[in-house]
Each structure stands twice: as C-alpha cells, then as structure tokens.
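**Q** Quick one: the structure is below, and I'll ask about it shortly.
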Amino acid sequence: MPWKEVSLMSQRKELVMLSNQPGINKSELCRRYGISRKTGHKWMQRYHAQGEAGLQDQPRTPHHTPDKTAEDLEQLIVALRDQCGWGGRKLHRRLCDLGYREVPHPSTITSILKRHGRIFPLAADGRHVWQRFEHAVPNQLWQMDFKGHFAMQDGRCHPLTVLDDHSRFALSVQACANEQGQTVRAILTQVFQRYGLPERMTMDNGPPWGSDRVHVHTPLTVWLLRLGIGVSHSRPYHPQTQGKDERFHRTLNQELLCRHTFQHLAHCQAHFDRWRYRYNFERPHEALQMNVPASRYRPSPRSLPAPLPPIEYAANSVVRKVQEKGHIHFQGRVFSISKAFKGYPVALQPMPIEGMFAVYFCTHKVTEIDIRTSV
C-alpha cells in the first residue's frame, strides 16, 4: 500500500511513531508501508534529530514563537476549537504538546471558549460517567462497524471504522459506496497489510458479518477465521457491547461529519484521512489519561499470509466437507452448519456430553451438533 501524496506527512509521522514501540520489527514495518528499509531509517533519524520539522521535504515555519502574546494565544485557542471541536482539557494538553510554555489552565480555556460563544452553559449537562474496560495489549481485539450512512452531493457514503480496543487507535476510517462483504474484505486486506492481524475482531449481528442468531457466519467472517482471527458478535439490540466504536462514531460525527458538506466518496476520504491522523496523533484522549492513541499502539507481529496455509486437522478428528446448502452428513444424519462454509472441510470432536460433538473450522469452534436428534 504505497504512500499517497495528499497524506505524506501524516504517514511519515505514523511510521516513525510506530517504530518507537517496543519489540517492533522496523524492516517489516517499512515493508508494510511500501517503502525501503533505507528510506524508513532516514525518516526515523530525521524525526529523532529534528522532530516533525525533519519529516518535511522543505524547511517550514515553526509551530509557534516564544513571544506570543496572550491575545494571540487566545485566538489560537478559539481557532483550534473551531477546527477540532475540543474542550478545555484536550486543548490544554494539545497546546502543551505543541510546546507552549505558559498554557492556561483547562478551566481558563473553557472560560475563553464561553466568552467567544463556542460553549454554552448547558452544553455539559447530562454527561455520564462510564465504567471502562479495555484489553491488556494492542491487537487483542479490534472493533469494526459501519457508521450510519449519510447523503453526499453525489450518492451516499457508508463510513467503515476499525478501532483497536486497547489503544483506541483508529486503524481505518473508510468512505464506502456500500456495506457489502467484498467491499469490507478489500479494505481489511489493506489494513492487515499495514498493521498485521489481530487476535480477535468483534462486530454486530447484521450483514455483512452476521446473518441470524443461528447461522452467525458469512463469507466475510469465514475468511477472518481462515486467517486465524477470532470472530465475536455483539449481543442483539445491545450496541454498548461495541461501546468504544460507538463512542468513536459519536466523536467522528461531532468533530467532522456535522461540520462539512461532502461532494463524493473521494472528497469524504480526503477528510477522513486528515481527521484519522489528528485523532490518532494529536487529539488527547480522556480514557488514556490525555495521551494520544498512537502512544499506546504498536502493529501486530502477525503478518497477513500470502498465500493462505492449507487447512489441517488432528489425525483423530472426524472431517466432513460442508455441502452446497451448508450441511454435512454424519452417522446417517444431516446437520446444518452454515452456507458460509460450503466447500470447506470442518472437524468434529466429541464433547463430554454423550452424543454431542463440537464442530471446528480451522482452530475455531463454530457450532455444536447433537446426534441424538432425529434426522
């Protein structure tokens, strides 16, 4: 996935930031970004020596000057609010990260925003304190979902988002023309090529990742299982199961979607790319003690395999091929598995309860069957 000119600076910074994470294979990281080890090493050296200025092709004006007046700083606070929609605490942390020495207290920044008509007294009413849970390390779980589609001047956009549970790092914010499995697979292939494979992904129960409560698998989720990625689904009618992605969608809407009118998918994607970079590398996150998501994320050591390895089962397994209509034959009976597995071999292993068998696809248990039931 070669670098795109429109986001060259953001991708260079993403590369060098991720290269600092413990245990990173820098050669593999450069390969995933489509550049040589020599080029990647050059940008890493320049960044460590000069900071962000070292990532520019040409010299640039510094972010700030030490003699800024209070009025200038106040104008900058208002401008950042208009650009990002952030509150006092996030703006305070961002100004500190930019190198300002005398940054007003978050409450002072909030007062400045109120004085300039950017915050209204009732804006903070009704907020809830959430009990947070997160996985221990990056790539243990990714959350994936479509945000509600919206109208453009030319058609409709279906934003697909992929979020790392531990770090809140946004792995993808993609403007899609539809919500079909092939579309999602093509996007995930690019994400896997860059960031590697997660241990597990969670998604809701609707298409293209679920069909119904009995046959929860689709060709898309079968492909994920084939890659060695565990698949789980949120509880029906309980979107809070995907709480981090739901909250991410709210932030996306507040900070970007409601502030712009979009012409077409390419126009959406250009805005999505810029906002994703800001979210990952500039926006302080309250759940991360006001650190940015990139500070806690590192790519997975599991690379996308090409080609896929063969499907193999233990010698003591009973193996059956899933037929066209999604069923298998076993001990004179027909059992429905899922049409999503048609053409693939599955393995049957006896369970502690007599007559019960667990059905495995690759290393993942996908269902159970009871041979005591009638045909």
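Read-outs: derived from the displayed coordinates by stated rules, not from any lab. Bear in mind the structure is a predicted one, so any value in this text is a computation, not a measurement. As a convention, Cβ positions derive from the backbone with ideal geometry for all residues, glycine included, and neighbour counts pool all protein chains shown.
**Q** Sort Tyr47, Tyr195 so that the residue with the fewest other Cβ atoms within 10 Å of its own Cβ comes first and the one with the most comes last.
**A** Least crowded to most crowded, the residues run Tyr47, Tyr195.
**Q** Under 5 Å between amide hydrogens, which residues at least 5 positions from Val318 or on another chain qualify, with H placed 1.01 Å from N in the peptide plane?
**A** Answer set, sorted by chain and number: Leu348.
**Q** For the chain, what is the calculated [θ] at 222 nm in deg cm²/dmol (nearest 500), taking -39500 (n - 2.57) for each run of four or more DSSP H residues and dividing by its residue count?
**A** -10000 deg cm²/dmol
**Q** Per 10 Å bin from zero, what fraction in whole % of the C-alpha pairs of segment 142-266 is there, up to the bin with the longest pair?
**A** Calculated P(r), rounded to whole percents: 12, 45, 35, 8, 0.
**Q** Counting other C-beta atoms within 10 Å, which of Arg168, Arg185 has the fewest, and how do the rest follow?
**A** Fewest-to-most Cβ neighbours within 10 Å comes out as Arg185, Arg168.
**Q** Assign unit charges at the C-beta atoms only (+1 for Lys and Arg, -1 for Asp and Glu), then state the dipole size of segment 142-266 relative to its Cα centre in Debye, rounded to the nearest 20.
**A** Roughly 80 debye for segment 142-266.
**Q** If packing is taken as the mean number of other Cβ atoms within 10 Å per residue, what is the order of 364-370, 170-176, highest first?
**A** 170-176, 364-370
**Q** To make sure I understand, if each residue's beta carbon is the centre and we count other beta carbons within 10 Å, what order do Leu188, Leu113 fall in, fewest to most?
**A** Listed from fewest to most nearby Cβ atoms, that is Leu113, Leu188.
**Q** Restricting to the chain, compute how many DSSP beta bridges are antiparallel as a %, nearest 5.
**A** 85 percent
**Q** Under 5 Å between amide hydrogens, which residues at least 5 positions from Asp145 or on another chain qualify, with H placed 1.01 Å from N in the peptide plane?
**A** Here Thr161 satisfy the definition.
**Q** Which of the peptides 72-83, 16-27 is most tightly packed, and how do the rest follow, going by the mean number of other Cβ atoms within 10 Å of each residue?
**A** Final packing ranking: 72-83, 16-27.
**Q** Give, in nm to one decimal, the length gained when the segment between Ser27 and Arg250 is fully stretched (0.36 nm per residue of separation minus the Cα-Cα distance).
**A** 76.6 nm
**Q** Determine the gain in length on full extension of the stretch Ala49-Ala314; use 0.36 nm per residue of separation and subtract their C-alpha separation, reporting nm with one decimal.
**A** Full extension of this stretch gives 90.1 nm more.
**Q** Tell me the relative contact order for the chain as a rounded percent, counting alpha carbon contacts under 8 Å between residues six or more apart.
**A** Contact order relative to length: 14 percent.
**Q** For Phe150, which sequence-distant residues (separation of 5 or more, or a different chain) have an amide H within less than 5 Å of its own amide H, given hydrogens modelled in the peptide plane?
**A** Distant-sequence amide H within range of Phe150: Cys157.
**Q** Using every alpha carbon pair in segment 318-370, what percent of pairs falls into each 10 Å bin from 0 up to the bin containing the largest distance?
**A** 27, 61, 12, 0
**Q** If the limit is 23 Å between Cα atoms, which of Lys26/Lys147; Lys13/Lys38; Lys114/Lys244; Lys339/Lys365 go over it?
**A** Lys26/Lys147; Lys114/Lys244
**Q** Could you pull out which residues in segment 327-345 have an amide N less than 19 Å from a spot 7 Å beyond the Cα of Ala358, following the Cα-Cβ vector?
**A** Only 337-338, 345 pass the distance filter.
**Q** Stokes-Einstein at 25 °C, 0.890 mPa s, Kirkwood radius from Cα pairs: D for the chain in µm² s⁻¹?
**A** This corresponds to a translational diffusion coefficient of 105 µm²/s.
**Q** A further question follows. Is any helix in the chain, taking whole DSSP H runs, at least 15 angstrom long along its axis by alpha carbon and on average at least -0.5 on the Kyte-Doolittle scale, and which ones?
**A** In the chain, the long hydrophobic H runs are 8-19, 70-84, 181-195.
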